[in-house]
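*Asks:* Please see the structure below; I have some questions.
Here, each number is a calculation from the coordinates, and none is a lab measurement. Please read these numbers as outputs of a predicted model, since none were measured by experiment. Note that we place each Cβ from the backbone using ideal geometry, even for glycine, and neighbour counts take in every protein chain shown.
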Amino acid sequence: MAQSGTYPAGDLGNPRRAQILDAAERLLHHYGHAKTTVAEIAREAGISVGSVYLEFEAKDAIWVELSHRRHEAVLGAMRGAANAPKKLYAHRLQAALVARTRAFLALAERGAHAAELVHCHACPAIREAKEIYHRREREIIAELLQAGEDAGEFVIKDASATAATLLQAFVAFVPPLLFGRAPDELEREVTALHQLLVHGLCRAEPRSRS
């Protein structure tokens, strides 16, 4: 099990490795990780089974790298929104959370089993990748919150703890709970929850009750 908070880089310049990953992902989208064999991946890639094992020590190593790839796409969408220039940090936070929802929904559109790459309790390799993703996701939100604090827009004591709490509040908008729901409805709910959490229910100086 990887203990680092970063994804394994893999050999991105290796054409055969990329060929195997692309073939495996196509098969997984249609049949799922459990029903896809190394022999089928080799056949889809047009290479021998032995060639697959020269690049990956086991089938799970293929799934974990594909899971990292898809999780990185989600993180990239969040970073892009979080780093948007000339925007209030509250607006960046909302945009990052909406971008995350859109990225997960886009993945689900790739095939009947495509979402397994970001949510599959039955596959330890994918669970491992998901744990790393959650750490990196929390870091992105914590950095955004801290920047907002530094700019005088937020009042936060512990950016990391606040990020963890905030993400827990948005758990309904990540796999598997968001799948099967209308994208427009999800975005409205993300925006509404963001407004509630950022602006709160109280006045800046609550009135005392007599």
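*Asks:* Using 7 Å Cα-to-Cβ label points, what is the residue 112/residue 84 separation (nm, one decimal)?
*Replies:* It works out to 3.7 nm between the two label points.
*Asks:* Amide H of residue 179: which non-local residues (sequence gap of 5 or more, or other chain) have their own amide H closer than 5 Å, using H built in the peptide plane?
*Replies:* none
*Asks:* Here's another thing I want to ask about it. Using a basic spin-label model with each label point 7 Å from the Cα along Cα→Cβ, how many nm lie between residue 131 and residue 182?
*Replies:* 3.9 nm
*Asks:* Here's a follow-up. May I ask you to list the aspartates and glutamates whose Cα is less than 12 Å away from that of residue 87, ignoring any residue fewer than eight positions away on the same chain?
*Replies:* Cα-Cα hits under 12 Å: 153.
*Asks:* Using the eigenvalues of the Cα gyration tensor, what equivalent ellipsoid semi-axes result for the chain when each is taken as the square root of five times the eigenvalue, whole Å, largest first?
*Replies:* 39, 17, 14
*Asks:* Okay, next question. Would you mind counting up the charge near residue 30? Only other residues with Cβ under 13 Å from its Cβ, with Lys and Arg at +1 and Asp and Glu at -1. Provide the component values of the computation, followed by the final result.
*Replies:* Values: positive: 26, 35, 110; negative: 25, 40, 44, 116.
Charge balance in the 13 Å sphere: -1.
*Asks:* Okay, moving on. Taking only DSSP H segments of four or more residues, each worth -39500 (n - 2.57), what value at 222 nm results for the chain once the sum is divided by all its residues, to the nearest 500 deg cm²/dmol?
*Replies:* -21000 deg cm²/dmol
*Asks:* Along the Cα→Cβ direction, 7 angstrom out, place labels at residue 161 and residue 192. What is the inter-label distance in nm?
*Replies:* With each label point 7 Å from Cα toward Cβ, the separation is 3.1 nm.
*Asks:* Where does each of 133, 31 land when they are ranked from fewest to most other beta-carbon atoms within 10 angstrom?
*Replies:* 31, 133
*Asks:* Pull out the extension gain between residue 54 and residue 34, defined as 0.36 nm times the separation in residues minus the alpha carbon to alpha carbon distance; nm, one decimal.
*Replies:* Details: separation 20, 0.36 × 20 = 7.20 nm, distance 2.14 nm.
Taking 0.36 nm per residue and subtracting the Cα distance, the gain is 5.1 nm.
*Asks:* Hey, can you rank 64-77, 154-167, 14-27 by average C-beta count inside 10 Å, highest first?
*Replies:* 64-77, 14-27, 154-167
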